[in-house]
Amino acid sequence: MNTKVYAAFNETDALGPHTIERRQLSPKDIFIDIEYCGVCHSDIHTAKGDWGKPNYPVVPGHEIIGRVKEIGSEVTKFKVGDLVGVGCMVESCQHCHSCDEGLEQYCENGFTGTYNSKNSKYGGVTYGGYSENVVVEEDFVLHVPENIDVKAAAPLLCAGITTWSPLRHWKVKAGDKVGVIGLGGLGHMGVKFAKAMGAHVVMITTSESKGEDAKKLGADEVLISKDADQMKAHQNTFDFLLNTIPVKHDVNPYLALLKLDKTMCMVGAIEPLDAVHGGLLIMKRRNLAGSLIGGIKETQEMLDFCGEHNIVSDIEMIDIQNINTAYERMMKSDVKYRFVIDIKSLKES
């Protein structure tokens, strides 16, 4: 079926209108009428070829919210009219150890991304949520609670699960002292989740103004990382650190904040880091780890938690026609804290 989208055609030109062909429904497929799609830094990096030459044209978008419009003959988990979401994955092998554990993001045969991935089962390349609609197998579709702000729920499908998964994996609990390093699309969700889990949340930032914003989001304290006295006062006191800084940086000052046996998890910097001082790890048996999005089961658990605690992202709505301006602003960190596209603007164009 012909579908209107916005696409990147090469590394340099602006995104613009395009038409693609969505596949016909297979028995396990769900046809979703998209209402909102969040804008992620990954969209920019892929569209601009920062991570290698993509499969142009690229239709970004993996923070998708919409309604079920049609279902395949063997679909059992959803019905027409359901409010649903699609995150970063639309397929995995579903038979390796990672998939058996519900951790499809670590599929040993490689998961299929929502966009710019070769689709092993159906052929062609996947196209994402800057689109009127999408067709996805039911095992990779998620129920979205009806009680939360639907448009602000879109970034939960990436920024939300990226921060939720490590907080859950390292068993953050009430009373823990949790540091969230960096306040952006990921960091603001980390603050909200850790606070809702009952932790004592410390925003760790270089910016005093961002610290004030973090307090409005629920942070109990602010630690200015460029203040040596503050950093020294907090050494050996944290139970967990969630590091959301999206670029290469010196992790050593943050490692010194951890207690014995505690962990700092990286979720933002997908690139080589500056040298890590082995002594900081060895002398306190500290851990430096990483985490990638989350599996389908834990993503559904995250969405259910958001429904129970009324948690959504702080967003700025845009029309699809303003996506290139949004990209420019994102690169300047000029958004609090996530852009979301109203797909109505695409359908009516």
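The values are calculated or read from the model by the stated rules, or taken from the named source; none is laboratory data. Model, not experiment: these values are computed from the prediction. Virtual Cβ from ideal backbone geometry, glycine too; neighbours counted across all protein chains shown. Please note that ligands, DNA and RNA were not included when accessible areas were found on the heavy atoms of the full protein model with its side chains. Shrake-Rupley method; radii C 1.70, N 1.55, O 1.52, S 1.80 Å.
Summary of computed values
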{"quantity": "Accessible-area composition of the stretch 1-146, carbon plus sulfur, in percent [1.4 Å probe]", "calculated": "48"}
{"quantity": "Considering only the stretch 160-290, percent of DSSP beta bridges that pair antiparallel, nearest 5", "calculated": "0"}
{"quantity": "Crossing angle, helix 159-169 versus the chain [Cα axis fit, 0-90 degrees, rounded to tens]", "calculated": "50"}
{"quantity": "Highest-MSF residue in the chain out of Gly278, Gly295, Gly175 [GNM, Cα springs under 10 Å]", "calculated": "Gly278"}
{"quantity": "Projected label distance in nm at Leu260 and His97, using a 7 Å step from Cα toward the beta-carbon", "calculated": "3.1"}
{"quantity": "Added length on full extension, which subtracts the Cα-Cα distance from 0.36 nm per residue, Asn252 to Gln230", "calculated": "6.4 nm"}
{"quantity": "Accessible area of the chain divided out per residue, in Å², using a probe of 1.4 angstrom", "calculated": "43"}
{"quantity": "Accessible-area composition of the stretch 160-290, carbon plus sulfur, in percent [1.4 Å probe]", "calculated": "53"}
{"quantity": "Ellipticity estimate at 222 nm from DSSP helix runs (n ≥ 4, -39,500 (n - 2.57)) divided over the chain, nearest 500", "calculated": "-6500 deg cm²/dmol"}
{"quantity": "Charge dipole (debye, nearest 20) of the chain; +1 at Cβ of Lys and Arg, -1 at Cβ of Asp and Glu", "calculated": "660"}
{"quantity": "Which label in (i) 21.5; (ii) 19.6; (iii) 17.0 gives the computed mean projected area of the Cα convex hull in nm²", "calculated": "(iii)"}
{"quantity": "Per-pair calculated FRET efficiency, R0 = 45 Å: Glu212 and Arg22 via Cβ, rounded to 0.05", "calculated": "0.50"}
{"quantity": "Pairs beyond 23 Å (Cα-Cα), from Lys48/Lys332; Lys79/Lys297; Lys177/Lys297; Lys177/Lys215; Lys4/Lys48", "calculated": "Lys177/Lys297"}
{"quantity": "Global form of the stretch 160-290, assessed from the alpha-carbon gyration tensor, a/c cut-off 1.5", "calculated": "rounded"}
{"quantity": "Protection-proxy order for peptides 303-311, 42-50, each taking the mean of Cβ atoms within 10 Å per residue, highest first", "calculated": "42-50, 303-311"}
{"quantity": "Dipole of the stretch 71-120, positive direction: furthest Cα of Gly113, Leu103, Val80, with charges on the beta-carbon", "calculated": "Val80"}
{"quantity": "Surface accessible to a 1.4 Å probe, Lys4 within the full protein complex, Å²", "calculated": "60"}
{"quantity": "The chain: angle of helix 185-196 to the longest principal axis, Cα-based, in degrees nearest 10", "calculated": "70"}
{"quantity": "Listed residues Tyr6, Tyr122 arranged by accessible area, highest first, probe 1.4 Å", "calculated": "Tyr122, Tyr6"}
{"quantity": "Burial ranking of peptide ranges 213-224, 180-191 (average Cβ count within 10 Å, highest at the top)", "calculated": "180-191, 213-224"}
{"quantity": "Sorted peptide list for 51-61, 95-105, criterion being average Cβ within 10 angstrom, highest first", "calculated": "51-61, 95-105"}
